[in-house]
1. Using the alpha-carbon atoms, what tilt in degrees (0 to 90, nearest 10) does helix 31-51 show relative to the longest principal axis of the chain?
2. Quickly work out the THR116-to-THR96 label distance, labels modelled 7 Å from Cα along the C-beta direction, and quote it in nm with one decimal.
3. Could you work out how much longer the chain between ASP24 and ILE37 gets when fully extended? Use 0.36 nm per residue separation minus the Cα distance between them, nm to one decimal.
4. For the chain, what is the accessible area per residue in Å², given a 1.4 Å probe and the full set of protein chains?
5. Hey, how many Å between the Cα centroid of the range 1-50 and the Cα centroid of the range 58-92?
6. State the extension gain, in nm to one decimal, for the chain segment bounded by LEU125 and GLN4, taking 0.36 nm per residue of separation less the distance between their alpha-carbons.
7. For the ranges 120-129, 79-88, what's the packing order if you count other beta-carbon atoms within 10 Å of each residue, average per peptide, and put the highest first?
8. Would you calculate, for the chain, the mean residue ellipticity at 222 nm contributed by helices, counting each DSSP H stretch of 4 or more residues as -39,500 (n - 2.57) and dividing by all residues, to the nearest 500?
Amino acid sequence: MSSQVIEAAQLGIILIDAQPFFWDTAFPDGDDQKEPILVRLEHLLMLADWMEIPVITTFEEPVAKNGELPERLEKVFPAEGQRFTKKTYNCTLEWTIRRAIKRLPVQQFAIAGAETDVCVLQSVLGLLG
């Protein structure tokens, strides 16, 4: 079995639906449960900015209900990061997102986000396909 090495110059980050609605639904008892996850995402975005790793983030419709990024993630979202709204679970089925992914100068992706059992999983399967 061969092992793959992550190369920073070949890495892109896709942050999928890290919207307040999903955090509040997954962790209705408050910040104690979601805090460790948000801290890790915050660090991931800061690292991406520092290392100039391309970032794409998606927001599931309806954005008016689900929100965009939580304030703490918004503060560290890279200025060069790309934002897309999607209507499907699999972000690669949205032509604008698929085109943006293909245009990135990378071959590897780190994937993070909310609703890992649906939107993150479906998007990873789409990327692998």
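1. Approximately 30 degrees, to the nearest 10.
2. Computed distance between label sites THR96 and THR116 equals 2.9 nm.
3. On the way: separation 13, 0.36 × 13 = 4.68 nm, distance 1.26 nm.
That pair, ASP24 and ILE37, stretches by 3.4 nm at full extension.
4. Numbers: 7870 Å² over 129 residues.
I get 61 Å² per residue for the chain.
5. 13 Å
6. Working: separation 121, 0.36 × 121 = 43.56 nm, distance 1.79 nm.
Extra length available between LEU125 and GLN4 comes to 41.8 nm.
7. Details: 120-129: 15.8, 79-88: 14.2.
Ranked by mean Cβ neighbours within 10 Å, highest first: 120-129, 79-88.
8. Details: 6 runs with 55 residues, N = 129.
Result for the chain: -12000 deg cm²/dmol, rounded to the nearest 500.
The values are calculated or read from the model by the stated rules, or taken from the named source; none is laboratory data. What you are looking at is a predicted structure, and each value in this text was computed from that prediction instead of being measured. Glycine also receives a Cβ, built like all others from the backbone with ideal geometry; neighbour counts cover every protein chain displayed. Just the protein is used for accessible areas: all its heavy atoms, side chains included, with ligands, DNA and RNA removed. Shrake-Rupley method; radii C 1.70, N 1.55, O 1.52, S 1.80 Å.
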